[in-house]
Amino acid sequence: MSAREDLRRFRALDLDCSSIGLEQRSDTPYFCTPTGAEYVGWIGCDGVHFVLLPGDERVFCVDPAMGEAGTYALPVGEDFREFLSFVLYCRDANPLSQIWWMEEPRFRQMLTEDAEQLGDQEYEEKRKVVLDAIVHAFDLTPRDPWEKVKALQAAFDPACLTFSDEYYEVLGLDREER
């Protein structure tokens with residue numbers, strides 16, 4: 001199955017995925033959202049969102065705070081199923097959005113702190129329902145994202161991305177300065 005077919009299947013589950021950082025909402029792009037992006041979900045703060053790009057199976061994290069040309073959109077999964085297996089491992093998509101800037105000990109600490117944090121029982125139950133539904137619908141097991149995402153990002157060439165005129169205007173770049 002392609003990433004887009006898997007995304008359609010995911011959406012058909014009709015779940016409130018805000019509890020796992022994949023909030024479904026309007027597809028209003030940020031200046032740094034690559035053109036033609038198909039939205040996977042939003043973590044719910046700072047404009048961070050996940051997308052699929054035309055002709056590409058990888059899932060990308062778009063983070064307006066990443067700070068420089070070439071780093072606003074980075075891959076976080078070879079395909080949608082792999083991305084979901086990483087979300088299952090982290091119990092949320094947010095840690096995947098932060099791998100780019102972290103060292104491994106900090107990443108592991110964040111996961112431990114998140115797991116130990118006693119949240120609202122209703123919220124935790126919603127999260128469990130969503131995670132269990134993903135496991136069941138896609139027959140997935142949680143996979144540790146650290147090495148794979150770091151390798152994907154280290155090998156990534158941002159020249160494959162295309163952006164709107166707003167991107168170049170905000171960054172003060174000529175289109176030729178990709």
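Since every read-out is calculated from the coordinates, none of them should be taken as a lab result. Just so we're clear, the structure is a prediction, and the values are computed from it rather than from any experiment. Ideal geometry is used to build each Cβ from the backbone, glycine not excepted, and the neighbour counts take in all protein chains shown.
In whole angstrom, how far apart do the alpha carbon centroids of region 6-85 and region 89-114 sit?
Rounded to whole Å, the Cα centres lie 17 Å apart.
What's the longest bit of the chain with no exposed GluC sites (Glu not before Pro), using DSSP loop states and at most 13 other Cβ atoms within 10 Å as the test?
Longest site-free region, per DSSP loop and neighbour criteria: 104-178.
Ratio of region 102-152's C-alpha Rg to 2.2 N^0.38 Å, to two decimals?
The value comes to 1.39.
Would you kindly state how much longer the chain becomes between D157 and Q121 on full extension, computed as 0.36 nm times their sequence separation minus their alpha carbon distance, in nm to one decimal?
Stretched fully, the D157-Q121 segment lengthens by 8.7 nm.
Any number yet on Rg/Rh for region 64-163, C-alpha, Kirkwood?
On the Cα set of region 64-163, Rg over Rh gives 1.00.
Give me the orientation-averaged projected area of the Cα convex hull of the chain, in nm², one decimal.
Value for the chain: 10.1 nm².
Net charge near F107: determine it from the other residues with C-beta under 12 Å of the C-beta of F107, scoring Lys and Arg +1 and Asp and Glu -1.
Taking every other residue near F107 into account, the sum is -3.
Using a Gaussian network for the chain with springs between C-alpha atoms less than 10 Å apart, which of these wobbles most: T33, T112, T141?
Result: T112 has the largest fluctuation of those listed.
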